[in-house]
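To start, the structure under review is shown below, and the notes come after it.
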Amino acid sequence: MSQLSLAERLALDPLARAEFLETLSPEEEKALEHDWSFWARPKQTAPAWAWYAWLILAGRGFGKTRIGAEWVIEQARAGNGRTRIALVAETAADARDVMVEGESGILTISPPWFLPKYEPSKRRLTWPNGARATTFSADEPGQLRGPQFHKAWCDEPAKWRYPETWDQLSFGLRLGDHPQVVLTTTPRPTPLIKQWVADSQGDNPTFALTRGSTLENRGNLAAPFLRNVLRKYQGTRLGRQELDAEILDDAPGALWKRNDIDADRVSSPPEFVRVVIAIDPSVSSDSPEAETGIVAAALGTDGHGYLLADGSIEKPTPEQWGKQGISLYKLHRADRVIGEANNGGDLVEANLRAIDKKVSYRKVHAARGKQTRAEPISSLSEQHRIHHVGSFPQLEDQLCQWEPGVSTWSPNRLDAYVWAFTELMLGSGIAEYDPRYDNDLPDMRI
């Protein structure tokens, strides 16, 4: 095979690359198929200096997962067989479905001669040379207490509910002469992301930083996907974050501020007086931005409100969001489910009762505008009376980026959040019971 340097390979334009491939034998083509240094774009190759962490902030479809998986395979192959690697995702399902088994996951892209054995029950990958990787969920930081690692790959840390997952991983990243971690994520203005970006600045940075947009990988993305997302999101705040990978802070007219949310975040809430699940269904499941907002919230013995979970689902079927609502209802031993019925009518109740006939349910109707309903709850946040138990990045994005009278998108997570804390903390203060909608429990009109 022609011996090309990395720089020469990366410099090949599409025509020159095609011509080069035509000169290869079938055996050489097979070997080249798994040569990441040939196929990777410059931004997809690791920085050539002794970094501790490589932070890749890039848009959807940039190829972040492929970078992480290829880097892990390289570390497993380069070690002496004793290399230990942590694979940390937002949830256990994400670790399995994206990092390990996904289209760009480790099992999919590994060369046949260096394919690891995957043992899901042990959350373990073992390579032929003895190198081993273990998957972890950021929802369970305690999993990382005790184990030690040479290397780690963290996927979508901007979405992690518990930032202390990073602390636990850092304590265990202590094997070998040069522990390293790769962080692949679409950016959000979380304290962790901001700190990592700061750590990549200055004269002696410990973090390497790579930024990239969706369009940089257009050659590997379906044309309809690009047309649709660019038409809908290019130039918008959401597009700047999800496609261009900009770190966007609060929208000027947003009702919530990240500083307030961060200042009041807790990990150990008090005992609860009451727990509710709020559901705000999407107008249409066919909409590109369709999602059903589903949150669990509680009223503490201190009179403060606590957000416990964001179980919202993007583009769900009615059955899916119904099951999700009941699951949260049982998990948190909730007292009631609150359902927004303006768009779905009795659909919310019908879905829930089809799954659990005994569910305690009350429907609410939006008799006022979204801003009018949201302002009293944002005021409670300003008064430091609402606390988030952990981090909920997607919900918090909506709280801090939706601008009344400006934003044209529907923030279903925000709506569910408002319904929940209205029920818990305001009650009849702004509610009117309407017997026309009476079922087994009073209806509430807000």
Open item on the list: Out of the helices (runs of 4 or more DSSP H) lying entirely within region 199-290, which hold 1 or more residues that are loosely packed, with under 14 Cβ neighbours inside 10 Å and without any contact (Cβ under 8 Å) to a residue 60 or more places away in the chain?
Closed with: 223-233, 258-263
Task: Matching strands (runs of 3 or more DSSP E) fully within region 36-146 where at least 1 residues are in the same structural domain as V181 (by TED's automatic domain parsing), over 23 Å from A208 (Cα atoms) and in contact with a helix residue (DSSP H, G or I) (Cβ under 7 Å, 6 or more places away or on another chain) - done: 117-119, 124-126, 132-137
Task: Residues that are small (G, A, S) and either under 23 Å from D139 (Cα atoms) or surrounded by fewer than 19 Cβ atoms within 10 Å (Cβ to Cβ) (or both), drawn from region 91-127 - done: A92, A93, A95, G102, S104, G105, S121
TODO: Quick one: in region 304-360, of everything that is in a loop (DSSP other than H, G, I, E, B) and among the acidic types (D, E), which residue is modelled with the lowest pLDDT?
DONE: D346
TODO: Would you check which residues across region 181-198 are in contact (Cβ under 8 Å) with a residue 40 or more places away in the chain and under 18 Å from Y162 (Cβ atoms) and list them?
DONE: V181, L183, T185, R188, P189, T190, P191, I193, K194, W196
- [ ] Assess whether D397 counts as being within 25 Å of I193 (Cα to Cα) and not hydrophobic (A, V, I, L, M, F, W, C).
- [x] yes
TODO: Taking Y417 as the residue in question, decide whether it is over 20 Å from the mean Cα position of the chain (by Cα), at pLDDT 95 or above and either more than 21 Å from Q241 (Cβ to Cβ) or of a type in the set (F, W, Y) (or both).
DONE: no
Task: Subset of region 68-112 that is closer than 13 Å to E156 by Cα and of a type in the set (D, E, K, R) - its residue that is nearest to the chain's Cα centre (by Cα) - done: E90
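The values are calculated or read from the model by the stated rules, or taken from the named source; none is laboratory data. Computed from a prediction, not measured in an experiment: that's the story for all the values here. Methodologically, a virtual Cβ is constructed for each residue, glycine included, from the backbone with ideal geometry; neighbour enumeration extends over all protein chains shown.
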